[in-house]
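Q: Okay, handing you the structure first.
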Amino acid sequence: LNGRVAKMDSILELADSENLIIVEDSCQSLGASYKNRQAGTFGKAGTFSFFPAKTLGCFGDGGAIITNDEEIAEKLKIIRDHGRDSSDGKVKLYGFNGRLDNIHAAILDKKLEFYDQDINRRREIATIYQENLNELDVLKLPPAPNSDPDHYDVYQNYEIEAINRDSLREFLSDNGIGTILQWGGYTINNFEDLGFNQKLKETDLMRSRFLMLPMHPLLTDEEVLYICETIKEFYH
């Protein structure tokens, strides 16, 4: 989530003891690793999103599944193409149109040339945020780059928790700084139309505080410092 791999040890242990299959939703973590093992490679398969907001984004919706299981790979290729088997053109399974078109593929192919550079820049920006906002006890920041040798984070997002979040967000907007509330500011227990209406104390507290600050490779140091100074101005 947000470019950080979960602590997979306990998940792997549980899966092994209960004979479970692991499929990773690693859509926000392309290039991230835990104990030198890449996101998406811990289980039978891993998924990645190429939506424009992701670290490797195309021009619209796109994605990929990775696996080292040949049987799964062949089945996935059939499912993504209306269930058709490429060997004879017959429909063998119920499928859908999940093919990545050539324009998206070309964009991704080009962006892969400097993907490492983009991730390095994201980590530099995260370091600037850490160095300038860590002193504020009203904020909870993501782990800093290199703060944990087990984790290599790619900072798909820079999501903080902030006291008095809504007023801070308004103040930032008034000063030309855009922010995002992940998932529109809701968590699953808020989806009443789906039958959920549970009150979850810790989740609802977090939901009232989470906020995504600007994070993308085109930000300059000066822009990130301006964001930090504006946040400090609000709280001071």
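What follows draws every value from the coordinates through simple rules; no lab data is involved. On a predicted model such as this, the values are computed, not experimentally measured, just so you know. Heads up, the Cβs are rebuilt from the backbone with ideal geometry, glycines too, and the neighbour counts pull from every protein chain shown.
Q: Net charge within 11 Å of L20 by Cβ-Cβ distance, Lys/Arg positive one each and Asp/Glu negative one each, not counting L20 itself? All intermediate terms of the calculation are to be shown ahead of the outcome.
A: On the way: positive: K44; negative: E13, D16, E18.
Once all neighbours under 11 Å are counted, the net charge is -2.
Q: Moving on to the next point. If packing is taken as the mean number of other Cβ atoms within 10 Å per residue, what is the order of 53-62, 178-187, highest first?
A: Numbers: 53-62: 17.8, 178-187: 13.3.
Ranked by mean Cβ neighbours within 10 Å, highest first: 53-62, 178-187.
Q: How much length, in nm to one decimal, is gained on full extension between L14 and A105, taken as 0.36 nm per residue of separation minus their Cα-Cα distance?
A: Working: separation 91, 0.36 × 91 = 32.76 nm, distance 3.69 nm.
Roughly 29.1 nm would be gained on extension.
Q: With everything on Cα atoms, drop me the angle between helix 221-235 and the longest principal axis of the chain, reported from 0 to 90° to the nearest 10.
A: It works out to around 60 degrees.
Q: Going down the table (K44/K77; K44/K90; K54/K111; K44/K92; K35/K140), which pairs top 19 Å between alpha carbons?
A: Values: K44/K77 16 Å; K44/K90 27 Å; K54/K111 12 Å; K44/K92 22 Å; K35/K140 24 Å.
Check vs 19 Å cut-off fails for K44/K90; K44/K92; K35/K140.
Q: Provide the net charge surrounding L181, with neighbours chosen by a C-beta distance below 13 Å and charges set as Lys +1, Arg +1, Asp -1, Glu -1. Intermediate values should be presented prior to the final figure.
A: Working: positive: R165, R169, R207, R209; negative: E159, E161, D166, E170.
Value of the local net charge: 0.
Q: Share of Cα-Cα pairs in the stretch 25-174 beyond 27 Å, in percent? Each step should come with its number before you reach the end.
A: Numbers: 4468 of 11175 pairs.
Of the Cα pairs, 40 percent sit more than 27 Å apart.
Q: Let me ask something else. Using 7 Å Cα-to-Cβ label points, what is the H236/A64 separation (nm, one decimal)?
A: 4.5
Q: Moving on. What does the helix-only formula give at 222 nm for the chain: each DSSP H stretch with n ≥ 4 adding -39500 (n - 2.57), the total divided by the residues, and the result rounded to the nearest 500 deg cm²/dmol?
A: Working: 7 runs with 82 residues, N = 236.
One gets -10500 deg cm²/dmol as the mean residue ellipticity at 222 nm.
Q: A follow-up question, please. Would you mind checking the tilt of helix 165-174 against the longest principal axis of the Cα atoms of the chain, expressed as 0 to 90 degrees and rounded to 10?
A: Rounded to the nearest ten degrees, it is 80.
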